[in-house]
Structure formats: C-alpha cells, structure tokens
1. List, please: which pairs have Cβ atoms under 7 Å, are six or more places apart or on different chains, and start with a residue in segment 1-26 that is open to solvent by less than 50 Å² (accessible area, probe 1.4 Å) and end with one that is of a type in the set (Lys, Arg) and modelled with pLDDT of 90 or more?
2. Where residues in segment 277-299 are among the charged types (D, E, K, R) and outside any helix (DSSP H, G or I), which of them is nearest to Ala260 (Cα to Cα)?
3. Here is a check on your reading of the model: is Ser49 in contact with a helix residue (DSSP H, G or I) (Cβ under 7 Å, 6 or more places away or on another chain), open to solvent by less than 40 Å² (accessible area, probe 1.4 Å), small (Gly, Ala, Ser) and more than 18 Å from Tyr106 (Cα to Cα)?
4. Just give me the residues in segment 107-124 being over 9 Å from the mean Cα position of the chain (by Cα) and part of a helix (DSSP H, G or I), in sequence order.
5. So which residues in segment 232-241 are assigned to a loop (DSSP other than H, G, I, E, B) and buried (at least 17 other Cβ atoms within 10 Å of the Cβ), if there are any at all?
6. With respect to Lys270, determine if the residue is under 24 Å from Asn137 (Cβ atoms) and surrounded by fewer than 16 Cβ atoms within 10 Å (Cβ to Cβ).
7. Against the condition assigned to a helix (DSSP H, G or I), of a type in the set (A, V, I, L, M, F, W, C), touching a residue at least 24 places away in the same chain (Cβ under 8 Å) and open to solvent by less than 10 Å² (accessible area, probe 1.4 Å), how does Leu76 come out, does it pass?
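The values are calculated or read from the model by the stated rules, or taken from the named source; none is laboratory data. Not measured: the values here are computed from a predicted model. Using ideal geometry, Cβ is built from the backbone for each residue, glycine included, and neighbour counts are taken over all protein chains shown. The protein model used for the area step is the full one, side chains on, heavy atoms only, and it has no ligands, DNA or RNA in it. Shrake-Rupley method; radii C 1.70, N 1.55, O 1.52, S 1.80 Å.
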Amino acid sequence: MEAAPGVSALRRAGNEEFRRGQYGPAAALYGRALALLEAAGEAAAAERSVLLSNRAACHLKDGACGLCVSDCSRALELVPFGIKPLLRRAAAYEALERYQLAYVDYKTVLQIDCTIQSAHDGVNRMTKALLEKDGVNWREKLPPIPTVPISAQTRWSVPSVGGPASPCETAPLGKPDHTAAGTERAQTLREEGNVLVKKGNHKKAIEKYSESLKLKQECATYTNRALCYLTLKQYKEAVQDCTEALRLEPNNVKAFYRRAQALKELKDYKSSIADINSLLKTEPKNTAALRLLQELSRA
C-alpha cells in the first residue's frame, strides 16, 4: 500500500530536519506522519515501523532514551527483526545501563547480519560491562536471545574462486558450521593457532582460534585462546573464554585453572579460589592448582 497523502512529504521534511540537527522538530514531523497512517492499520505496518524507528533516532540524539526504547519496540512489533530499531534500542538500553537487554539486541542484530561492526563493538562493550557488574556467571542472568528466522537473515553467496571470502561465507551469521567441511576447517585453524603459540605469536594465534570458533565451538579452542589472552594480559577476555569452555565441558581442568589465573590477576581472589577448589574435585593432586591455591591463600 502507498503511504497516505502527505505522509511522504512529512517524512522527507522530518529527514531534512534530522540532517540539520533539529531533532525535536524532526520527531514532531514523524509523529504527524504516524498520525495520518494510524487509520490504515496493518496495511501501513512497514511505513509506520520506519517512521517509529526514525523518531526513535531523534529521541536517542536528544537523550530521551526511554522514548527511544518505546518507539523501537513498537517498530519491531510491526516489522520484527529490523536492524535500525534493534541498534537504536540497544544504544538506548546501553545509555540507560540496561546492559543485559542491550547485549541481547546487539546479538540479535549479528544473527541478522554478522558484518555490522557497530553490533560487534556493542557486544564487546556489553560483555565487559556485564562481566564487571555480574561477575563470571553473567551469561546465566541474560534474558533469552530470540532466534532470527532464516527469512530475516542476510545471506552471502559463495565468492568466485580466488576471490575474497565474505565474513559470513563459511559460517553464515556467525553461527557454527556443523558440516564435515566446517568441522575439518575449524580443526585446521585450531592447529594453525597451536603452531603460532609455539612460535610465541599469540596475537596471530588468537585470530586463528577466533576463526575456528566461528565454525565450531570447542572447549579446547576456547581454553587455547584463553591461554593467549593470559599471556597478553587480557584477563577479562581470558575469563570469558574459560567460562564458555566450561559451558561446553563443565569439569574441564584447563578452563578452571586458566580462569583462576585470570581472576587472580583481576584481584577477584574469592572466585579464583572457588575455581581451584572445583578443579581439585576432579584432580585432587594437581600440583599447579595446589601451588596456585597456596599463592591465593597468601593474597
């Protein structure tokens, strides 16, 4: 259905005000356009969703984050999995320090299109914020992340031979590739990472492990990358990887030990001791763990 008479003109005028930095007037123009469309109901759902998302951008610029969340939520009810309203709502949640909800929205965006850098950056910021706020078990407190239907996902075609692979080609949307080829490629990448670790090139090794994890989430890959992060003194990232490893293998000794090491460096001695005690239930005579426990008792 075409927009009602005057709606297109109001939206263009709103866009122009927005470009000029006049966010209040722009929001008012989008609101007038929305009012004209209300009578059209479901027939104008897509147009209403765009206008709500545009008005939400105005609210976000003006710091009215609650209004931004409200408009984005309404836009997403009309047209689910819209990238712009999801990103704008995530930014508003972040400004409101509602980090769990922001994380969910950023992760949802990456399911739709894994090439959006602002969503990757948002996930990284929220991960750090939640780790500081809720500790190593922050993921357990997250609300569920919606599953994006295939129809809403951005797909990538296979590039020509010799051409560059798109970021999502091998594992669309950052999801694991459970095919035999994907598993084999993941193993190869992990082994390449292991070689780089032996050469002392931990930054390059992290890149290989990260590529491998995009194809197949394996405990050993997470613990290997955690070791690299420990070496580079990126302790929060090491904690996160060990937590992921323990989600896959709840009694993994390396994951407990390396997380305990990272937590010790972060001065979270209580959590570090808890990890060592968990490890010792599996391997009571683990000398490295017993030595670390002695160090922690003196900390």
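1. Leu10/Arg32
2. The selected residue is Glu283.
3. When the stated conditions are applied, Ser49 passes them.
4. Listed by number, the residues that qualify are Gln111, Ile112, Gln117, Ser118.
5. Gln234
6. Spelling it out, Lys270 is indeed under 24 Å from Asn137 (Cβ atoms) and surrounded by fewer than 16 Cβ atoms within 10 Å (Cβ to Cβ).
7. No, not satisfied.
Table: residues versus (1) of a type in the set (Gly, Ala, Ser); (2) part of a loop (DSSP other than H, G, I, E, B); (3) without any contact (Cβ under 8 Å) to a residue 12 or more places away in the chain; (4) surrounded by fewer than 19 Cβ atoms within 10 Å (Cβ to Cβ).
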site	(1), (2), (3), (4)
Lys208	no, no, no, no
Ala226	yes, no, no, no
Leu230	no, no, no, no
Thr243	no, no, no, no
Arg247	no, no, no, yes
Ala255	yes, no, no, no
Asp275	no, no, no, no
